[in-house]
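Below is one structure, written out as structure tokens; the observations come after it.
The values are calculated or read from the model by the stated rules, or taken from the named source; none is laboratory data. Because the structure is predicted, anything quoted here is derived from the model rather than measured. Positions of Cβ are generated from backbone atoms using ideal geometry, with glycine treated the same way; all protein chains shown enter the neighbour counts. Note: areas computed on protein heavy atoms with side chains; ligands, DNA, RNA excluded. Shrake-Rupley method; radii C 1.70, N 1.55, O 1.52, S 1.80 Å.
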Amino acid sequence: MAENPVKWLFLILASCLCFAFVLSESNSLIKKTYIVQMHKSAMPASFSSPLEWYSSKLKSVMSDTQSDGEGDGENRIIYSYQNAFHGVAAQLTEEEAERLKQEDGVVAILPETKYELHTTRSPMFLGLEPEESTSIWSQKLADHDVIVGVLDTGIWPESASFNDTGMTPVPAHWKGTCETGRGFQKHHCNRKIVGARVFYRGYEAATGKINEKNEYKSPRDQDGHGTHTAATVAGSPVRGANLLGYAYGTARGMDPGARIAAYKVCWTGGCFSSDILSAVDRAVDDGVNVLSISLGGGASSYSHDSLAIATFGAMEMGVFVSCSAGNGGPDPVSLTNVSPWITTVGASTMDRDFPGSVKLGSGRTISGVSLYKGRRLLQANKQYPLVYMGTNSSSPNPSSLCLEGTLDPHVVSRKIVICDRGISPRVQKGQVVKDAGGVGMILTNTAANGEELVADCHLLPAVAVGEMEGKAIKHYALTNGKPTATLAFLGTRLGVRPSPVVAAFSSRGPNFLTLEILKPDVVAPGVNILAAWTGELGPSSLPTDHRRVRFNILSGTSMSCPHVSGIAALIKARHPDWSPAAVKSALMTTAYVHDNIHNPLQDSSTAAASTPYDHGAGHINPLKALDPGLIYDISAQDYFEFLCTQKLTAMQLKAFSKHSNMSCHHNTLATPGDLNYPAISVVFPEDTAISTLTLHRTVTNVGPPASHYHVVVSPFKGVTIKVEPKTLNFTRRNQKLSYKISFTRKTPQTMPEFGGLVWKDGVHKVRSPIALTWLPPF
């Protein structure tokens, strides 16, 4: 009898081991998408094309069981990259990917990465539309040949923002096309939308076939995000634009004369790196001048970041690249898209707000924001029962967060419900309240959001309030026997002070990938931005929202990025011969760091002064950027030499040296801080043997031929600063002059210090932010 349990135990163990072995075997046969970068110059002469060579490489590593019925390696290829990037995206097993790494000519193999979207009045706020009749748009730049490629969710071509009336023919250098599909035909492209393409092979390989009944497998945008960003870049003027009466006025893009090329890379399940890479590659070949990319996938090392590698290639070919910094703020070290050849854009507020108010039964009135405009209105002279489902005012729980299924209709029916911000979308909380029978919502910020207020187009009467006021309201609801409140909506308010303010959600530095490269680069309007919208979704983006609007108000670094892309297009139109680095320099050195009441830019999360880790060089100033006086130019070779300082292997460096003439043999950069960047970040080791650090910069005169500049530098507690020479005297346009800036140890600090260096000629102020960081001893 005793033997039977042992036998059974043995059989069970054997079965488990067998199952684990079979599972392991089956997992090893699962194919995933990998991005394979090849060194094109290593292609043997026996191959007639790069694609033939790539296919041969894949076939050589395919296992016998996998190759049966699949023919050659070309059947595994979902994309071939030829312009900004050389190689393929292919379906491989893990074993095949490992074997392929060992093959000659293979530079890198990167796994597929999922990226996420970083989700009227801004032209006037930026000084592009002064109230007098003259503006930058009237200076014979209304029709020009700058094309901005927007990588996003597609475009809604019927929007009035994409009207091409009065525009000149499509620029001759444009080689792109207008791809067709459900809901999108050739006639949907015009002289404004000059091209439209879709990229879904990587997405389908990861998630399965797109359901074409539920989603447009075409450039048509049913999400709204892509339409909004494209219109922010280059939308045509539309009078009377508004969202349900809010933000009424003329909506127009940053550069209404620019053309748009829509590259749809994002779908309902996300955006995948192989599709994004193909879009960048194709856009460069199509002839875009600017790329606007409002998405990110987390921080990776330069050699493992496919977007960094592809945008390096785009930069080499003269394309300016603007990317959103991410919505990970106010946490430090939350930036994405930090490569120095990318312009990394954070978000700030404008001087426009959408006030609402909460009046408590105690008589106290609290200010907030809202974009609610519906048939359900609460009576101003009537108080409604108020309820908070949390247990205290500072620790949210599922019920206090108003997550789906957590509210008891018996408790919340006919009441205003207090909901903590977090976990679920803000507008969805209101839907949960509405479904449970609530008549209104007070959305309260938590510590993560501080006092920053973001207005939303709610589905029931709702007002958002800051963290401190939210705690007071919750305390009142928890301690009063019969708490009551009412809500009011006060329309659109202009002239808000202070503004701009750095948005709490905007991702922050420092840039831990390379401390010597200060990021973000700039901030731009990214809170409560009005722009064109899809006809497929309501303004809240919820499926239960049956309202349809022509314009919507959104917030995020996704909104700030296209502001910079559009301004870059304006600069490119004025200065067509400028490099991407020159355009970036103009944006950075003319940015301002004081608000409209002449105080340092504030951080919305703390209400204290922000730092360059929050705002970079400052807030963009488009009119100044068109005439910066001096620029800090950087060539592709300079960027490559910067990479030589980043401890990359020879093979990793090959990812960026598509042209064989790039090498580290003649590297002129002593440190990464010597890259000719418009911002200065000094990393001081606490090793006292190093008493002085010296950085070098070269400026190019793009102002009057005879220009004379003198330097002004902020004082620092931890170091003394010496600039040599103290004056720069130019005798001709495009002349280059160099200077060095030495930092000598004085009193080491426990926290970073910030300041600025400014070159002045009486007309121009060419400012570089300075960040001084003290590393701990090793």
How large is ³J(HN,Hα) for each residue in the range 399-404, as worked out from phi by the Karplus curve 6.51 cos²θ - 1.76 cosθ + 1.60 (θ = phi - 60°), to whole Hz, x for Gly and Pro?
6, 5, 7, 6, 6, 4
Result for the range 645-778: accessible area per residue, probe 1.4 angstrom, in square angstrom, of 51 Å²
I'd like to know which of 602, 62, 424 lies farthest towards the positive end of the charge dipole of the chain, counting +1 on Cβ of Lys and Arg and -1 on Cβ of Asp and Glu.
602
Unit charges on C-beta of K, R, D, E only; dipole of the chain, Debye:
2300 debye
So for each of 451-458, 728-735, 462-469 I average, over its residues, the number of other beta carbons within 10 Å; can you give me the resulting order with the highest mean first?
451-458, 462-469, 728-735
Quick one: with all protein chains in place, what share of the accessible area of the range 169-214 is carbon or sulfur, to the nearest percent (1.4 Å probe)?
48 percent
Pull up the DSSP beta bridges for the range 477-630 and report the antiparallel fraction as a percent, rounded to 5.
70 percent
Hey, any idea what % of the range 342-458's accessible area is carbon plus sulfur with a 1.4 Å probe?
49 percent
Checking the range 416-525 for chymotrypsin sites (Phe, Trp or Tyr not before Pro) in a loop per DSSP with at most 15 other beta-carbon atoms within 10 Å yields 512
What's the ranking of 357-365, 301-309 by average number of surrounding C-beta atoms within 10 Å, highest first?
301-309, 357-365
Just flag the trypsin sites (Lys or Arg not before Pro) in the range 180-227 sitting in loop per DSSP whose Cβ has no more than 15 other Cβ atoms within 10 Å.
182, 209, 213
Please identify which residues in the range 694-722 have an amide N closer than 17 Å to a label point set 7 Å out from the Cα of residue 747, following the Cα→Cβ vector.
715-721
What shape does the range 558-599 have by the C-alpha gyration tensor, where a ≥ b ≥ c are the square roots of the eigenvalues, rounded means a/c under 1.5, and otherwise prolate means a/b greater than b/c and oblate the rest?
prolate
Among 768, 272, 195, the residue whose Cα sits farthest towards the positive end of the charge dipole of the chain, when +1 is placed on the Cβ of each Lys and Arg and -1 on the Cβ of each Asp and Glu, is 768
Looking at the range 173-327, what % of its DSSP beta bridges pair antiparallel, to the nearest 5?
40 percent
Given a 1.4 angstrom probe, what's the average accessible area per residue across the range 352-440, in square angstrom?
48 Å²
Computed from these coordinates, which is semi-axes √(5λ) of the Cα gyration tensor in Å: (1) 40, 38, 29; (2) 73, 34, 30; (3) 64, 43, 26?
(1)
Looking at the chain only, what percent of DSSP beta bridges run antiparallel? Nearest 5 please.
65 percent
Given Cβ charges of +1 for Lys and Arg and -1 for Asp and Glu, the option among 553, 578, 642 whose Cα lies farthest towards the positive end of the dipole of the chain is 553
Go ahead and run the numbers for FRET between residue 547 and residue 175, Cβ-Cβ distance against an R0 of 60 Å, rounding to 0.05.
0.90
Find the accessible area per residue for the range 148-299; the probe is 1.4 Å, ligands and nucleic acids are left out, and the unit is Å².
31 Å²
Carbon/sulfur fraction of accessible area - the range 501-659, other protein chains in place, 1.4 Å, %
57 percent
